[in-house]
Every structure is written in structure tokens, then in C-alpha cells.
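Below: one structure, written as C-alpha cells.
The values are calculated or read from the model by the stated rules, or taken from the named source; none is laboratory data. Remember, it's a predicted structure, so these values are computed and weren't measured experimentally. Neighbour counts are summed over all protein chains in view; Cβ atoms, including those assigned to glycine, are modelled from backbone coordinates with ideal geometry.
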């Protein structure tokens, strides 16, 4: 079962590259913002998956919550900055 989670983590890491292209080559700022939000969401899942693999899920949940709050606030700030 552990090898399955390792393969999922590797696959998720590869999937993060797809929105990374949108962040770099996005035609508008809002496309880049959506790509950054998608990367943040996938990274959040990856953090929780690693927490399960290490057997310290309770510690990684706290890290994931802090990361998700920073991702959300950062997205709001960037959207507010570029909308005006």
C-alpha cells in the first residue's frame, strides 16, 4: 500500500507541471493567478499524502492548513491588486 501512495505522489508531482506552464506562459494575469491557485491546491494534497506516508498526519494537517490559508490570502491580494 505504501508503494501505491509513492506512485500517487510522483504522479501528483508530474501533474503540478501542467498548471506551471499556465503560470509562465499565461496570456493574462488572471490565467497566471488560476494556475498558481491550482498549483497550491495540488501541493496541499501532496503535503497531506506525504504526511500519511511518514505516519505523522496530524503534524502535516497543521502545515497544510497554514499553507492553504497563505495560498488563499495570496490569491486574493494578487486579484485585488490587478483588478484595480
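Exactly one of these conditions fails for residue 51: (1) surrounded by fewer than 17 Cβ atoms within 10 Å (Cβ to Cβ); (2) within 19 Å of residue 67 (Cβ to Cβ). Give me its number.
Condition (1) is where residue 51 drops out.
Just to be sure, is residue 46 out of contact with any strand residue (DSSP E or B) (no Cβ under 9 Å at 6 or more places or on another chain), at pLDDT 90 or above and surrounded by 15 or more Cβ atoms within 10 Å (Cβ to Cβ)?
Judged against the criteria, residue 46 is a match.
Going by the structure shown, is residue 46 within 11 Å of the chain's Cα centre (by Cα) and either in contact (Cβ under 8 Å) with a residue 40 or more places away in the chain or within 18 Å of residue 5 (Cα to Cα) (or both)?
yes
Could you count how many residues in the range 1-33 are in contact (Cβ under 8 Å) with a residue 24 or more places away in the chain and under 19 Å from residue 81 (Cα atoms)?
3
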